[in-house]
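Since the structure comes first, as C-alpha cells, the remarks are kept for the end.
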Amino acid sequence: MFWETTVLTQANAPGFFALWGIPFVLIALYLIAGRFLLDAWIRGGMVYAVTNKRILISRSGPFSKFTALSLDRLPDASISESSGGRGTIRFGEPTPFWGGRNSISSWTPSLDPTPQFIAIENAQSVFDQIQTATRGG
C-alpha cells in the first residue's frame with residue numbers, strides 16, 4: 001500500500017512503477033479480507049448429506065465439486081467442535097499448511113481437497129450418527 005500510494009502521488013513516477021505494485025496490493029487485500037469473503041461465498045453453495053450407504057458433499061458455483069464417500073470404506077473421521085455445538089467433521093488427514101499440493105486450501109478451508117463437513121450445526125450428533133452407521137448399526 002505504501003508503495004502504491006507513494007508512486008501515485010509522485011508526479012514524475014514512471015507508469016511501470018504503479019503497475020508493479022498492483023499485484024502486491026491485490027494479494028494483500030485477498031489475505032486480509034478476500035479469503036474470508038471467498039470462503040463464506042463458497043460455503044453458501046455447499047450441501048452435506050449422510051445416507052445409509054454414503055456421505056455426500058456438493059459444492060456449487062465456479063469451484064463446483066461433488067464428493068461421495070462410501071461408509072464401508074470411510075477414512076478416519078475427526079471432529080473439531082466449538083462452543084454452541086458448531087463444528088467441522090473431517091474425513092481423512094488434513095492438508096499440510098505449507099508445501100501442500102493445494103496450498104490455497106490453507107487460506108480458504110472450503111477449497112481444502114480433504115472431504116469435510118465445515119462449520120455444521122450439531123456436529124457431535126452428526127459425528128455420532130456417522131460412527132454408528134460405519135459400525136453397521
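The values are calculated or read from the model by the stated rules, or taken from the named source; none is laboratory data. Since the model is a prediction, treat every value here as computed from it, not as a measurement. Cβ atoms come from the backbone with ideal geometry, glycine included; neighbour counts cover every protein chain shown. Accessible surface is based on the protein model in full, side chains and every heavy atom, while ligands, DNA and RNA are left aside. Shrake-Rupley method; radii C 1.70, N 1.55, O 1.52, S 1.80 Å.
Laid out as a table, the results:
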item	result
ALA119/ASP72 FRET efficiency (R0 30 Å; Cβ-Cβ; nearest 0.05)	0.65
Karplus-derived 3J(HN,Hα), 6.51/-1.76/1.60, for each residue of the range 107-112, Hz, glycine and proline x	9, 9, x, 5, 9, 4
Most mobile of SER58, SER125, SER110 in a GNM of the chain (Cα contacts under 10 Å)	SER125
Per DSSP, loop chymotrypsin sites (Phe, Trp or Tyr not before Pro) in the range 1-101 with at most 15 further Cβ within 10 Å	PHE63, PHE97, TRP98
222 nm mean residue ellipticity, helices alone, for the chain (DSSP H n ≥ 4; -39,500 (n - 2.57); rounded to 500)	-10500 deg cm²/dmol
Efficiency of FRET between ARG86 and TRP3 - r from beta-carbon atoms, R0 30 angstrom, step 0.05	0.15
For Kirkwood radius over Cα pairs in Å, calculated from these coordinates, the label among [x] 15.2; [y] 17.6; [z] 14.3	[y]
Accessible area, probe 1.4 Å, largest first, for residues GLU93, GLU121	GLU93, GLU121
